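See below for the structure under consideration.
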Amino acid sequence: VPIKRVDVYESVLAQLNALITESGMEPGDRLPPERELVEKLGVSRVSVREALRALESMGKIEIRPNAGSFLVHPNGNALVNQLRAVAPVDRAFLGHLIEVRAAVEDRVVALVASRPAAGLSAVRDVLERSEADLRESGEPGSLDLSFEAALAREAGNPLLAEMQRSVHHLWVEAWSECRIAPGDWRQFYVEHHAILEALERGDGEEARRLMAEHVDRTISKAVPASQGE
């Protein structure tokens with residue numbers, strides 16, 4: 001999350017969540033287009049797009065290029081609610097969550113690397129979309145987990161993909177509530193590219209090592225929301 005816009009981001013995310021839960025939307029329904037959301041909420045297109053990306057990372061919506069955003073999971077996530085009840089959501093909680101996410105993402109990468117038939121074109125499409133966002137806005141959010149979610153879709157294990165969705169949901173909520181940014185999105189983009197390139201050349205061990213570094217170092221790079229204005 002760009003730190004100087006953390007308040008706007010949280011507000012937009014909360015309002016979009018309210019739209020989903022209170023408007024009676026059903027799975028498959030299309031959310032209002034970005035332009036309409038910008039006008040209704042009185043915020044920038046970048047802020048709306050960041051919140052939509054976060055909802056996609058939480059597994060609540062699917063963003064289809066040139067088509068819009070569509071509802072996938074409108075209801076709460078039972079596993080997320082159970083995990084939140086274990087301990088207060090603070091920096092210590094984030095430290096534990098990083099270890100959980102590291103385990104999930106490592107298995108995802110290992111499975112993708114072990115499947116000769118795994119297609120990586122959809123994963124590259126996600127990176128190209130992120131690159132386009134960077135060119136347009138200059139500072140997209142750092143809670144976009146669409147790259148990792150795209151890898152999970154190629155892993156061939158629907159249970160693992162669902163577990164990842166729950167962890168991603170909690171990841172977005174926890175970082176937002178702690179009001180710190182997990183790191184610099186541009187660096188994340190570079191790391192995603194390196195992971196994908198390792199997978200494309202068949203180097204699964206290197207891809208796993210790069211993913212471990214990508215996830216594990218985020219807590220050390222976190223910055224309080226009061227800084228960076």
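The values are calculated or read from the model by the stated rules, or taken from the named source; none is laboratory data. Only a predicted model underlies this, so the values are computations on that prediction, with no experimental measurement involved. Note that each Cβ is placed from the backbone with ideal geometry, even for glycine, and that neighbours are counted across all protein chains shown. Calculation scope for accessible area: heavy atoms of the full protein, side chains included, ligands and nucleic acids excluded. Shrake-Rupley method; radii C 1.70, N 1.55, O 1.52, S 1.80 Å.
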Taking first residues from the stretch 175-189 that are farther than 16 Å from residue 87 by Cα and assigned to a loop (DSSP other than H, G, I, E, B) and second residues anywhere that are modelled with pLDDT under 80 and open to solvent by 30 Å² or more (accessible area, probe 1.4 Å), the pairs with Cβ under 6 Å that are 6 or more apart or on different chains are 183/221
Please pick out the residue among 88, 33, 27 that is loosely packed, with under 14 Cβ neighbours inside 10 Å, closer than 17 Å to residue 176 by Cβ, at pLDDT 85 or above and of a type outside the set (Phe, Trp, Tyr).
88
Kindly check whether there is at least one residue in the stretch 140-157 that is part of a loop (DSSP other than H, G, I, E, B), aliphatic (A, V, I, L, M) and within 17 Å of residue 51 (Cα to Cα).
yes
